1. Over the range B:4-243, with a single point scatterer placed on each C-alpha, what log10 of the ratio I(q)/I(0) does the Debye formula yield at q = 0.07, 0.08, 0.10, 0.12 1/Å?
2. Please state the charge dipole magnitude for chain B, taken about the Cα centre, from unit charges on C-beta atoms (+1 on K and R, -1 on D and E), reported in debye and rounded to the nearest 20.
3. For chain A, what is the relative contact order in percent, using Cα pairs closer than 8 Å and at least 6 residues apart in sequence?
4. Measuring from the lowest to the highest alpha carbon on each principal axis, how far does the range B:1-132 reach, largest first, in angstroms?
5. What distance in nm lies between label points placed 7 Å from Cα along the C-beta direction at B:Arg181 and A:Ser265?
6. Assuming R0 = 51 Å, what is the FRET efficiency of B:Asp26 and A:Leu59, from their Cβ-Cβ distance, to the nearest 0.05?
7. Could you tell me which of A:Leu123, A:Val186, A:Ser157 has its Cα farthest along the dipole of the protein assembly as shown towards the positive end, charges placed at Cβ (Lys, Arg +1; Asp, Glu -1), taken about the Cα centre?
8. Could you rank the peptides B:271-281, B:51-61, B:232-242 by their average count of other C-beta atoms within 10 Å per residue, with the highest value first?
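Bear in mind these aren't lab numbers, they're just calculated from the coordinates by the rules spelled out. Because the structure is a prediction, the values reported are computed rather than measured. For neighbour counting, all protein chains shown are included, and Cβ atoms are generated from backbone atoms with ideal geometry for every residue, glycine included.
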Amino acid sequence: MTYLLQQTVNALNLGSIYALVAIGLTIVYGILRLINFAHGDMMTVGAYVALAALSALVLPVWSAMLLAMIVAGAIGIVIERLAYRPLRGSREVAMLITSLAISSLIQNSATMTLTAQPRPLRLPAELARRFEWAGLTIAPIDGLILLLSILLMVLLSLFVKYTTIGIAMRACSERVWTTHLMGVHVNRVIAVAFGVSAALAGIAGVLWSGKFGLVDPFTGFVPGLKAFVAAVIGGVGSIPGAMVGGYLLGFAEVFFVAFAPPALSGYRDAFVFVLLLAILLVRPAGLFGLEEGRRA
Amino acid sequence: MRSLYGWLALGAGAALVVLAEYRLNDYYQRVLAVVAINVILAVSLSLTNGFSGDVSLGHAAFMAIGAYASALLTMPASMKLLALPDLPAWLARLELPFALALLAAGVLAALAAFVVGIPVLRLRGHYLSVATLGLMVIVQVVALNWQTVTRGARGLNGLPPLTTLLWAYGWMLVSVIVIWRLVRSPFGRAMLAVREDELAAACRGVRVVRTRMLAFVTGAFFAGTAGALWAHLITAIAPASFSFFITFNVVAMVVIGGAGSITGAILGGVLMTLLPEWLRGIETSLAGSGRPLYGLSQIVIALLMLLVMIFRPQGLLGGRELTDLLRRPPPVRPGENEGAVGRAPR
């Protein structure tokens, strides 16, 4: 029973991070039909910013996290302006390839300037110290991940539901062209979407590296890909779908490792992508996604 | 190859390859062989990424499958006994000639592509990208964990060095000709139709999924053989050899050379082998000064790709082939209708 609870704690943690990253993917996909392969690398950016803030600037944790969000968000907006906006109106494939190039650019810039050597990201002791509680081994960071993620998701939902720009974002993801005709500044909406999405990935990166203790230039790549699986589970383009999908994937992955025979536990990443293939086979639209009709 | 000039060019090429085989030093031989392998990779990827219009990111995975398959099939039995004592008996005893191992490598990669293709190819194009990257992760994880067959992270080394220049260029010629013929067959026309407008193609009776599958599986077959050639050139493979980095470089070859053109893919393959090779020289020359710039060559490639996407999305050759350049311009160039009014909102 304790074992089950412990795994549940782990799954909630992992799921929270996947959900944060998946939301960012889904927001951008909803508007531009772009699978942003550089999204995971914004996690890396966030983690490095937090590392710099904690070790070089000796800032408190909360401000390091805020800084990571702001820097990642700003970089997201700049990338959109420089690399994606010139491609407006060209094929979807062009943006996808561009996002690959940006991913490679971020990874290799980090390798060149900061070396590929993994660096420890040490959170203050009062967050990272593990203690026993009712038979469970938990650290305050576990609780922080869960609470912070839920807080951010609530804020995001309110933002999308009630603010003007949030409403415009939802409108854009339904039909960009019509929204444009209604007098909405589509480019501004897209910039905001990229900013929000990158900021969420940035904080997710801090949480990820804070939990596992290391940052390297490739930290965010695989979690970014897995977050796409989470987005597909929930239905790409749907924000609540991304949240639910993130947690479902977190549970699936953790419980696979916890309950499959130990010989298989090395295959956890493979399991996630086999799961992706299975979902695409059975229900490509995910839980909340709409069937994408063919339009002429 | 119908004309006299074709045969002459072939003969001259063969003579050059033989000459290179005997006269050049090891370094240049290796670079030349890598050029041939990269051309195979680029041309095979251009089937999906250039002609049928999907973006496959699975080339590293297919190469890995081909490389491991061919390595296991050609390693001397005595060596397998030492390095991999727990192999199933039939595989431990098996020692195939290189040609058969090459074919097996291609077929296994094609099978993997087929399995991935079934759920994915009927969906919107970009699901393929994610699923093939997922395949890369799956293949890496399996290669890391399947100790009895792959030796895990240690990888397989001391493979027989079977990839001579003649093999590399001979097989390159075979793959280019097969893909050239395929693209100019009715299937190739169907691929173009699917790329330009899936719905319209379907309405004209093109079997969309089957067409995409053919492009994808054929591409994977040749990628698998390229992986085998590569394994027997470097003679050591490990799971980490087949990373995103490889896939990205092959995609860059197709994008920069010009998607939808076999000549472009060949050009991209050659350029994208020589340019990084040259840049790597700079990277390591700076290592002596205490500040190596590892990653520089990849940054240059990534920037180049960004610039190509913005300023020349059709790539260097823009869908034209060498034969078009020699004769007349084609009626419609792929990419010409990009940015047209109908596509504007997206």
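1. For the range B:4-243, the Cα-only Debye profile gives -0.25, -0.33, -0.50, -0.70.
2. 640
3. 37
4. 46, 46, 29
5. 5.3
6. 0.45
7. Value computed over the given set: A:Val186.
8. Top of the packing list down: B:51-61, B:232-242, B:271-281.
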